[in-house]
Amino acid sequence: MELREMLELKERYLKEARGIMDKAEAEGRSMVDRERNAYEHLLEQATELKGKIEAEKKFREEERTAASLEQAKKLHKGMALRNSEKIADRLTLTQEERNIAEGFDMGKAIRGIVTGNWADADFERRAMSTGTPSTGGYLIPSPVAALVLDAARNQSVCVGLGAMTVPMTTSTLTMAKVDTDPAVYWRAENDAITEDDAMGLGAMSFEAQSLGCLVRTSIELIEDAPNAGELIMKAISGALGAELDRVALVGNGTTEPKGIFLTSNVGAVSMGTDGAALVGYSKFVEAAQKVLEGNGTPSGFVFAPRTWAALENSLSGEGQFIMMPPGLSGMQFKVSNQIPIDQVQGEADNASCIFCGGWENLYFGIRTQVVLEASRVGDADTFKKMQVLIRGYLRADVGIARPNQFSIVKGIIPSVG
């Protein structure tokens, strides 16, 4: 018997036992022998199931711990993933896990979670680890979760620029980083090599924080549209990827990870006391210079759509469009809606910014688990309107290895007139 079935059966036994006792109390009498025997028998069955459930949970936890340790060894070979690498490719899967990755249908899984009808999704039901029926929580199997995480990474502008991903198999992880480059010296024959005391090694710590997405849809749509579940999962993956970008760039560091904008030792290029409109590429060159001065290699820029429009519309004094300098031509220019356009710069409250960097120094630490939950009773309207709330969440953190290899152009405001 599956764990979920045992949990449901135990709840049924206890409910029936309570019904017998409540009936006697409502009639102001003690239970008769027949009722007492039935009541005690139901409690015995529930107690027996409780022991089996606890044993099954312990077994599953031991299995999961062993699997996590094994995956940790596999994932941490080479540690960080570049944007061209996938978490899914880093996993070494058993034949059973490969079968799950190939045959798992996310649409069927979501429909089963929402409706409770697993008639055509028994494979998906068996593949997912479950919580209690009342919470509706499901742990997506590792090979499928890796595909979901990779889909979120594919939506990230920062990952596209070169940010690294560190799969986390525990809630915390510490990596070494170089705080200060070492000094090197020439030596004459038979002379001692001068000892370097400039290089500094530090720790980059990741502590996974929850990042969730909550979507609302009608029960009828989930029941009737075969592709609804898959589309919802794609939308959730995209939203998670976009939010990872936002915190990596401007996260506040209190209720969420701290982003580049608030990190110390990041280079700064100012548009002036009260900000100024962007014209041409001169500020991009200055930002790249800051990264070069930190011994970094600027690989690209990311900015708001409004900044992109200002750049594209930049005209010289002769009314000609301004051409990009040759030194910037090999760099990536990315646009993100996650960059605010309401920052304060002096008297201006409509400023934005441009991020430049050697993006391989930005790290996303991501737990290799994804949880899906569904509820039909999230609030009064959900139940009355026959809707369902679907929640997907992962846990992640952001780390910056070399802050001085990033720079920010601050105080970009719209042009007047």
Per the rule of 0.36 nm per residue minus the C-alpha distance, extending Lys234 to Glu286 adds in nm 14.9 nm
Contour minus Cα-Cα span, Asn37 to Asp22, at 0.36 nm per residue, comes to 3.9 nm
The distance between the Cα centres of segment 188-267 and segment 390-417, in whole Å, is 10 Å
dims of segment 293-346, Cα set, principal axes, largest to smallest, nearest Å -> 33, 31, 23
Candidates Val32, Val114, Val250; GNM for the chain (alpha-carbon contacts under 10 Å) flags as most fluctuating Val32
Under the Karplus relation with 6.51, -1.76 and 1.60 and θ = phi - 60°, whole-Hz ³J(HN,Hα) for segment 120-128, x at Gly and Pro, equal 10, 9, 5, 4, 5, 4, 5, 6, 9
Quick calc, Lys385 & Asn117: beta-carbon distance into FRET formula, R0 22 Å, rounding 0.05, result 0.65
In the neighbourhood of Lys50 defined by beta carbon distances under 12 Å, the net charge of the other residues (Lys, Arg +1; Asp, Glu -1) is -2
Long-range alpha-carbon pairs in the chain, meaning those over 34 Å apart, account in percent for 48 percent
Summed over the other residues with a beta carbon less than 14 angstrom from that of Ala38, with K and R at +1 and D and E at -1, the charge totals 0
Rounded to one decimal in nm, the spacing of the 7 Å Cα→Cβ label points at Ala55 and Asn313 is 7.3 nm
Output ordering of 279-289, 21-31 (per-residue mean of other Cβ within 10 Å, highest first) is 279-289, 21-31
Taking 389-398, 201-210 and ranking on average Cβ neighbours within 10 Å, highest first, one gets 389-398, 201-210
Taking alpha-carbon centroids only, segment 278-311 lies from segment 158-183 a number of Å equal to 23 Å
The simple spin-label model distance between Thr47 and Met324, using points 7 Å out along Cα→Cβ, in nm, is 7.5 nm
For the table Lys234/Lys410; Lys258/Lys384; Lys58/Lys384; Lys23/Lys50, the rows whose alpha-carbon distance is greater than 31 Å are Lys234/Lys410; Lys258/Lys384; Lys58/Lys384
Expressed in nanometres to one decimal, the distance between label points 7 Å along Cα→Cβ at Ala183 and Glu220 is 7.6 nm
Around Gln332 (Cβ within 15 Å, Cβ-to-Cβ, excluding Gln332; K/R +1, D/E -1) the net charge comes to 0
Descending packing, highest mean Cβ count within 10 Å first, for 156-169, 337-350 is 156-169, 337-350
Note to self, the chain gives a 222 nm [θ] from helices alone (DSSP H runs n ≥ 4, -39500 (n - 2.57) apiece, / all residues, nearest 500) of -12500 deg cm²/dmol
Plugging the Cβ-Cβ distance of Thr172 and Val335 into 1/(1 + (r/R0)^6) at R0 = 30 Å yields, to the nearest 0.05, a FRET efficiency of 0.35
Applying the span-like rule to the chain (DSSP H, Cα extent along axis at least 24 Å, Kyte-Doolittle mean at least -0.5) gives 228-250
Within the set Ala101, Ala176, Ala242, GNM on the chain using Cα springs under 10 Å gives the largest fluctuation to Ala176
Per the C-alpha gyration tensor (a ≥ b ≥ c, the square roots of its eigenvalues), segment 101-251 is rounded if a/c is under 1.5, else prolate if a/b beats b/c, else oblate; here it's prolate
Of the convex hull enclosing the alpha-carbon atoms of segment 219-336, the direction-averaged projected area in nm² is 12.1 nm²
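Quick note: the coordinates plus some simple rules give every number you see, no bench work behind them. All figures in this text were calculated on a predicted structure; none of them were measured in a lab. For neighbour counting, all protein chains shown are included, and Cβ atoms are generated from backbone atoms with ideal geometry for every residue, glycine included.
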